[in-house]
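Notes follow the structure.
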Amino acid sequence: MGGAVALKIHLKQPKAWNGAVLVALLCKIVDDMVPQKLLAQILIGIANILPKLKLVPQKNLAVAAFRDLKKREMTTYNVIGYRDKPCLRTTVEMLKTTQEIEKRFGEVSLPLLILHGHADIVTDPSVSKTFYEKACSSGKKLNTHPGKATAVFQIEGDLMFRQPELNV
């Protein structure tokens with residue numbers, strides 16, 4: 001969720017950055033993945049009581065992100081990779097964060113380079129396209145790659161460029 005973090009920072013401090021490179025942007029949960037309103041309210045209530053409860057299923061993202069079996073096998077050696085189900089409170093915060101960002105797409109004003117593979121099944125490429133269309137940035141570029149998953153970019157996280165004259 002590096003893109004979501006970068007966008008939250010930008011929305012809080014719009015003049016603090018010269019631009020952003022966003023890779024496989026996860027700033028909206030796809031509609032068919034969002035729980036129904038009643039279920040979401042129940043989960044939020046449970047999260048307030050049992051925030052560390054691991055109730056939400058988690059897919060093996062390595063299988064989804066890497067077609068190459070050798071690269072997929074290498075993910076098991078990632079010592080900082082989280083492989084368990086997410087805590088319920090974490091899931092609720094992800095949902096709230098992405099909903100807030102989606103409502104504010106039109107306020108994003110910094111120059112953007114958005115990279116996304118069409119074959120990405122971890123994050124939805126259509127979300128990057130919608131974000132690109134709604135962002136009010138004067139300098140923005142959406143660079144999509146047919147047949148490619150996001151892992152092809154080999155970039156760790158999203159990047160933001162700080163203006164040197166600001167102390168933020």
Is at least one residue of region 76-88 surrounded by fewer than 16 Cβ atoms within 10 Å (Cβ to Cβ), modelled with pLDDT under 85 and in contact with a Pro (Cβ under 8 Å, 6 or more places away or on another chain)? yes
Which of the residues belonging to region 117-137 are touching a strand residue (DSSP E or B) at 6+ places or on another chain (Cβ under 6 Å) and assigned to a helix (DSSP H, G or I)? P125, S128, Y132
Suppose we filter K59, K15 for residues that are at pLDDT 70 or above, open to solvent by 80 Å² or more (accessible area, probe 1.4 Å), under 29 Å from L142 (Cα atoms) and part of a loop (DSSP other than H, G, I, E, B); which single one remains? K15
Are there any pairs, at least 6 apart or on different chains, whose C-beta atoms fall under 6 Å, with the first in region 115-131 and over 14 Å from K28 (Cβ atoms) and open to solvent by 20 Å² or more (accessible area, probe 1.4 Å) and the second of a type outside the set (S, T, Y) and part of a loop (DSSP other than H, G, I, E, B), and if so, which? H118/P146; A119/G147; A119/K148; A119/A149
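The values are calculated or read from the model by the stated rules, or taken from the named source; none is laboratory data. Model, not experiment: these values are computed from the prediction. Because the Cβ atoms are built from the backbone with ideal geometry, glycine has one as well, and the counts that use them run over all protein chains shown. For accessibility, only protein heavy atoms count, side chains too; no ligands or nucleic acids. Shrake-Rupley method; radii C 1.70, N 1.55, O 1.52, S 1.80 Å.
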